[in-house]
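Q: Sending over a structure as structure tokens; questions will come in a sec.
The values are calculated or read from the model by the stated rules, or taken from the named source; none is laboratory data. These numbers were taken from a predicted model, which means no experiment stands behind them. Glycine also receives a Cβ, built like all others from the backbone with ideal geometry; neighbour counts cover every protein chain displayed. To get the accessible areas, we keep the full protein, side chains included, count just its heavy atoms, and leave off ligands, DNA and RNA. Shrake-Rupley method; radii C 1.70, N 1.55, O 1.52, S 1.80 Å.
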Amino acid sequence: MRRPSPSTIVSLVTIAAVLAGCLLALRGPGRPNVLDVVLPAIACAALLARQRYPVAALIVMTVSVAAYYPYAGLDGPVIVMLFIAFYTAADRGHLTAAIATGAAALLAMGIGETGATRHVDDSMFMMITGWVVASIAFGGVTRNRRAYLSEARQHALDALLTKEEEARRRASEERLRIARELHDVLGHNISMINVQASAALHGIRKRPEEAEAALRTIKETSKETLRELRTTLGVLRQVDEDAPVAPADSLARVDALVAASGLKVRTDLSGPLDALPTEVDLAAARIVREALTNVSRHSGTDQATLTITHKSGNIIVTVEDDGPGATYDGGSGFGIQGMRERATALGGTLEAGPRPEGGFRVTARLPLNQPTNGA
């Protein structure tokens, strides 16, 4: 069974109280007539309809009450229902209609009381005026408070949604960053282990000294891989996201990066490469590592050229080879994609593709002046 709403309960309690007051008025000196039944009944019906039709109910009730006191035989408390109608109209957003109806009713009442026969004295008239004003004002206040609470809840909900979206965005960016780190570091080192293991297998009988060197390289590379993996896992376990983490790669260690590639690399460095911004230094070193790994994997040659230039406020990194290579697919692989994401994140660019004279070229431009968050 559906429970009645609070407004319906208020209406029913008010109707019961008014009818009880009308019955008590039967003991007075007045003589009842048909209007003592019809007008209160109309007012009660309008009171029950006040939530759905607030303005219509207010007008009907105002007319009924205005006709009740001059022409009915009894003097019941029917006017109480009118105060509730004024409150409901203002609370439902019809403040102008409530004020206009109240002003018209009070004006008509004042004009009617100027005749020879008066139904209310001055003090009663002022009290009725005060109740009308208070009812309308209280209805307007409750509506404004309800609107304020609704807006506050909406703001809180919007803030919560924004916070959740920001958390999801940061989590997604962190997953992409970790994926790039794992691909650049572990992929490179494991690739080197594979190359050296193949060399050791081919030379273990005919050239044992070369096989021993390859095994030593495998040992050192696997040790470096384990260290890099522990560093990455340590970042994941950090409680303070803002805690600084020293980058494992740096252009200051470019010789080590070249040596770890297992390639014969001709290096050309120009311009000051020390005291670079940490994020630029790390990104440039990662791009060098990944580009050399791609040469080792896909170029079909063991030679490459590395050029790093510091000029015009940019670090320019170029890795070239002249091998036959594989068919270029537009850079859809994760290696080139990861290098491009690193460069783009710093406001730079990365171009990768086959050279007209043969081979493959990767060129990255990384600006040293990083854009601010609000840029």
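Q: Among the numbered criteria (1) on the phi > 0 side of the Ramachandran plot; (2) without any contact (Cβ under 8 Å) to a residue 12 or more places away in the chain; (3) of a type outside the set (A, V, I, L, M), which single criterion is violated by Gly93?
A: The number of the failed condition is (2).
Q: If a residue must be touching a Ser or Thr at 6+ places or on another chain (Cβ under 8 Å), open to solvent by 20 Å² or more (accessible area, probe 1.4 Å) and modelled with pLDDT of 90 or more, how many such residues does segment 40-54 contain?
A: Number satisfying all stated conditions: 2.
Q: Return the residues of segment 1-39 that are exposed (fewer than 11 other Cβ atoms within 10 Å of the Cβ) and among the β-branched types (Val, Ile, Thr); say none if nothing qualifies.
A: Answer for segment 1-39, where residues must be exposed (fewer than 11 other Cβ atoms within 10 Å of the Cβ) and among the β-branched types (Val, Ile, Thr): Val13, Val34.
Q: Please state which of the following conditions Glu290 fails to meet, knowing it meets all the rest: (1) of a type in the set (D, E, K, R); (2) in a loop (DSSP other than H, G, I, E, B); (3) crowded, with 17+ Cβ neighbours inside 10 Å.
A: Only one criterion in (1) of a type in the set (D, E, K, R); (2) in a loop (DSSP other than H, G, I, E, B); (3) crowded, with 17+ Cβ neighbours inside 10 Å is unmet by Glu290, namely (2).
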